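K.L.:
Please read through the structure below; I'll follow up with questions.
Bear in mind that the values in this text are calculations on the coordinates, not laboratory data. Quantities reported herein were computed from a predicted structural model and do not represent experimental measurements. Counting neighbours? That spans all protein chains shown, and the Cβs are built from the backbone with ideal geometry, glycine included.
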Amino acid sequence: MKFNHYSKAALITLSVCVMFFACEDFADETFELTAIDAAAISAMEDTLEVALQMKAANILNNGSDLGVVLSGGGLDTVLMTVDTLGLTPVDVYSALTSAGISSMTSNDTVFAVTILSDSLAYRVFTAPSAGIYVLYINRHLTPNLYLNGTTKVELLSDDMAPELIAGLYNLPGPVPVIKGRYEYELTPGDYLFELARMEATTANNFRFVFTRE
C-alpha cells in the first residue's frame with residue numbers, strides 16, 4: 001500500500017512539473033508576422049494604388065472570321081486568328097503580347113482591378129528573377145499562372161498562417177483585408193496571369209498585391 005501511495009504522489013508531482021514547464025514554454029513563445037505578410041497588409045490598407053486594366057478574352061466567330069477578342073479597359077479588338085473554337089491560355093497570351101499590352105510585375109503597391117461577373121481576367125506577368133512570388137487578394141478569386149501561356153505553374157502553398165490571420169483580425173474594421181495568399185516558385189520569364197471570379201463573389205472591384213520574397 002505504501003508503495004502505491006508513494007508512486008501516485010510521484011506521478012502527480014511529475015505531471016505538475018511537466019505542465020508547469022510546458023506552460024512556461026508556451027508563455028515565452030511569441031508569434032510575429034513575417035516581413036512580407038506585414039508589408040502586404042500595409043499595402044492593402046494604403047489608399048495609394050495602381051489601377052490595372054485586366055482583359056477578358058473570348059472567341060469571335062461572325063461566319064467569316066475567327067479570332068480572339070480582348071475587352072476591358074478599352075474597345076474590343078480582334079487581335080489574332082485561331083484554328084479551333086476552343087480558346088486556350090496560349091491564345092490569350094499571344095493576343096496580349098501581339099497587342100503590345102504592357103506586362104505587370106511584382107509590386108509592393110496594391111493593384112486595383114475591375115472584374116465583371118462570370119468573367120476570366122488576364123494580364124501578362126513578368127518575373128524578372130527566379131524566386132518565390134506571393135499573391136495576396138482581398139476577395140475570393142482563383143488565380144492561375146501559365147509560363148508563356150503554355151505550362152501551368154503549380155501552387156507551392158495557399159495556406160494562411162495563423163500569425164497572418166490573427167494580424168488581420170486585430171486590424172480596425174469588420175472583415176480581414178486579405179482573403180487569399182498564394183505562393184509560386186517562378187523562373188525568370190513571362191507568364192499569363194489569370195484571375196477567375198468565384199460564384200460567391202458579388203463585388204466587381206478587387207485589390208491584390210503580387211510581391212517577391
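K.L.:
Projecting each Cα onto the charge dipole of the stretch 32-212 (Lys/Arg +1, Asp/Glu -1 at the beta carbon, about the Cα centre), which of VAL209, GLY100, VAL78 comes out farthest on the positive side?
P.N.:
Of the options given, the answer is VAL78.
K.L.:
Something else about it: Is there a quick way to get the dipole size of the stretch 144-196? I mean about its Cα centre, with the Cβ of Lys and Arg at +1 and of Asp and Glu at -1; what is the value in debye to the nearest 20? Could you put the intermediate results ahead of the total?
P.N.:
Details: 3 positive and 8 negative charges, 42 e Å.
Computed about the Cα centre, the dipole is about 200 debye.
K.L.:
Taking the Cβ of each residue in ARG212, ARG181 as the centre, tally the other Cβ atoms inside 10 Å and list the residues starting with the fewest. Mind showing how you got there, number by number?
P.N.:
On the way: ARG212 17, ARG181 20.
Going from least to most buried by this count: ARG212, ARG181.
K.L.:
Now a separate question. Taking a ≥ b ≥ c as the square roots of the eigenvalues of the Cα gyration tensor of the stretch 95-213, is the shape rounded (a/c under 1.5), prolate (a/b larger than b/c) or oblate?
P.N.:
Verdict is oblate for the stretch 95-213.
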